[in-house]
Amino acid sequence: MLNGMIGVNKPQGFTSFDVIAKMRGILGIKRIGHSGTLDPMATGVLPVFVGNATKACDMVKGYKTYVAEFKFGKTTDTQDITGKVLTESDKTVTLKDLKEVIPEFTGKIMQLPPMYSAVQVNGKRLYDLARQGIEVERKPREIEIKNIELLQYDEKSRTGRMEIICGKGTYIRTIINDIGEKLGCGGVMTALERTADGGFFIADCHTLEQIQTAKDENCLEKLIIPIEYAFKSFNKIRLNEVQTRMYKNGVKLDLSRINNIKADITKYAVYGYDGNFIGTAVAEHENGILRVGKNLA
């Protein structure tokens, strides 16, 4: 049975769930998940987890990188070019104007989730309410924007491209909407590609067609990335045979009996006595124990 991860280059028009449904059909496996939802309009990196690796869907963290195209001079109900136009403006936006505003949207900032989003309010998805014409009060959430780089901007058409490196839960179209609001003219996202997510890069991802071809040619294993790849930044520890058995049974281990434990590090990638990756663990230095983080064996 296949176990591991596949980097999928999500096509435009597909929801993340559509990709999972398609992958189940291609692989003939029901146990498939993903990390990091992408809007249907977006393309790019979607890490897909297969088999036992699905246990780690919520553990792959890190910054995400996007390349977004935008246009100033209008706003829509979805904050992207596909939505219903709400306002239009012919106000000029110079390159200087834009460069002066961008730094205000970096660092840890508060962002109001858009109505067309998967955020839940009182148990209901905002996009379900939005489609019924219902707008509800939302609370701003803290997000982190590590960097925004303006890649291109044309003053005449008020269109451009920017690369945004951000943390989890960030809505790129909302950043563009808010920049447009700050400039006094409005703005919409016209295209979006995720180029990196949790150690996956667009160059390493495969289209659904390529994955289907690999299945047809019986070489799917070449596309599977071992689950341990997601934890390559963790310090590694190797257990002996007895400790391996205890770990797999959820037993806490004595830190003093484990090699390569460091006093200033709490998270570890755990390997069994046979050298195979079996999961993650957390060192509780104050208690002198190592407890199971996630058993992925």
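Where a number appears in this text, it was derived from the coordinates with a stated rule and is not lab data. Fair warning: this is a prediction, and the values are worked out from it, not measured in the lab. For neighbour counting, all protein chains shown are included, and Cβ atoms are generated from backbone atoms with ideal geometry for every residue, glycine included.
Using a simple charge model, +1 on the beta-carbon of Lys and Arg, -1 on the beta-carbon of Asp and Glu, nothing else, what dipole does the chain show about its Cα centre, in debye to the nearest 20?
Value, rounded to 20: 840 debye.
Determine the gain in length on full extension of the stretch I109-L255; use 0.36 nm per residue of separation and subtract their C-alpha separation, reporting nm with one decimal.
48.7 nm
Would you be so kind as to identify which of F201, L38, V270 lies farthest towards the positive end of the dipole of the chain, taking Lys and Arg as +1 and Asp and Glu as -1 on Cβ and the Cα centre as origin?
V270
Counting other beta carbons within 10 Å of each Cβ, put T92, T75 in order, fewest first.
By the 10 Å Cβ count, ascending: T92, T75.
Ranked from highest to lowest mean number of other Cβ atoms within 10 Å per residue, what is the order of the peptides 214-221, 174-181?
Order by mean packing, descending: 174-181, 214-221.
Note down the nm distance, to one decimal, between modelled labels 7 Å out along Cα→Cβ at K262 and at T207.
Each label point is offset 7 Å from its Cα along the Cβ direction, giving 4.3 nm.
Tell me which lysines have Cα within less than 30 Å of K30's Cα, excluding those fewer than 8 residues away on the same chain?
K10, K22, K55, K61, K64, K124, K168, K215, K222, K232, K248, K294
Taking the structure as given and computing P(r) over Cα pairs in 10 Å bins from 0, in percent, which label from (i) 6, 23, 26, 23, 15, 6, 1, 0; (ii) 6, 29, 38, 23, 4, 0; (iii) 6, 26, 32, 23, 10, 2, 0 fits?
(i)
What whole-number distance in Å separates the alpha-carbon centres of segment 252-285 and segment 1-80?
Segment 252-285 and segment 1-80 have Cα centres spaced 31 Å from each other.
Helix 172-183 versus the longest principal axis of the chain: what angle, 0 to 90°, nearest 10, using Cα atoms?
Taking Cα atoms only, the helix is inclined about 40 degrees.
Using amide H atoms built 1.01 Å from N in the peptide plane, name the residues 5+ places from L296, or on other chains, whose amide H lies under 5 Å from its own.
Long-range HN contacts for L296: G279, T280.
Quick one: Karplus J couplings for segment 220-234, per residue in order, coefficients 6.51, -1.76, 1.60, θ = phi - 60°, nearest Hz, x for Gly and Pro?
4, 4, 5, 8, 7, 9, x, 4, 4, 4, 5, 10, 5, 7, 6
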